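Report on the structure given below.
A short reminder: the numbers here are calculations on the coordinates, not readings from a lab. This is a predicted model, so every value here is computed, not measured. Glycine gets a Cβ as well: all are built from the backbone with ideal geometry, and neighbour counts include every protein chain shown.
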Amino acid sequence: MSDFIIYIRAEAFILIPALYFLGLILDQTPVIAKWTHAWIKLLFSVTACLLYFGFDVTSVVQGILVTGAEMVFKDIIHNIIDKSVQNRERKKEE
């Protein structure tokens, strides 16, 4: 967690849960292709950072880093949930 604090500004951390919930909403939208979800979240994050931090290259980098952090956390959350479901199924089989 300390690596995230070094590279991502504290004000940008609020975008991580916002991007996660945006992803959940996009997952329930059948019209939007699955492969575009990451690009939509990246565009949203970079735009939000540009508006908040100003029009600077570091704002774009912050948007990219926040989107990457959200994707990593999403994978961690989903892997934990999947493993707990698999463990429950194994216990039911025994």
Legend entry - Whole-Å semi-axes of the ellipsoid equivalent to the chain (Cα gyration tensor, √5λ, descending): 31, 17, 8
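Any chance you could count the Lys pairs in the stretch 2-93 whose alpha carbons are under 19 Å apart, treating pairs 8 or more apart or on different chains as valid?
Close lysine pairs found across the stretch 2-93: 5.
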Inset, instruction - Apply 1/(1 + (r/R0)^6) to the Cβ-Cβ distance of I40 and D82, taking R0 = 25 Å, and write down the FRET efficiency to the nearest 0.05. - result: 0.55
Legend entry - Approximate spin-label separation V60-K91, in nm, with each point projected 7 Å along Cα-to-Cβ: 5.0
Inset, instruction - Before anything else, pin down the relative contact order of the chain: Cα pairs under 8 Å, at least 6 apart, normalised by residue count, whole percent. - result: 31
Legend entry - Unit charges at the beta carbon, dipole of the chain: most positive-side option, I32, I81, A18: I81
Inset, instruction - Please check which bits of the stretch 13-42 a label hung off Y52 would reach, taking the label as a point 7 Å along Cα-to-C-beta and the cut-off as backbone N under 20 Å. - result: 13-26, 38-42
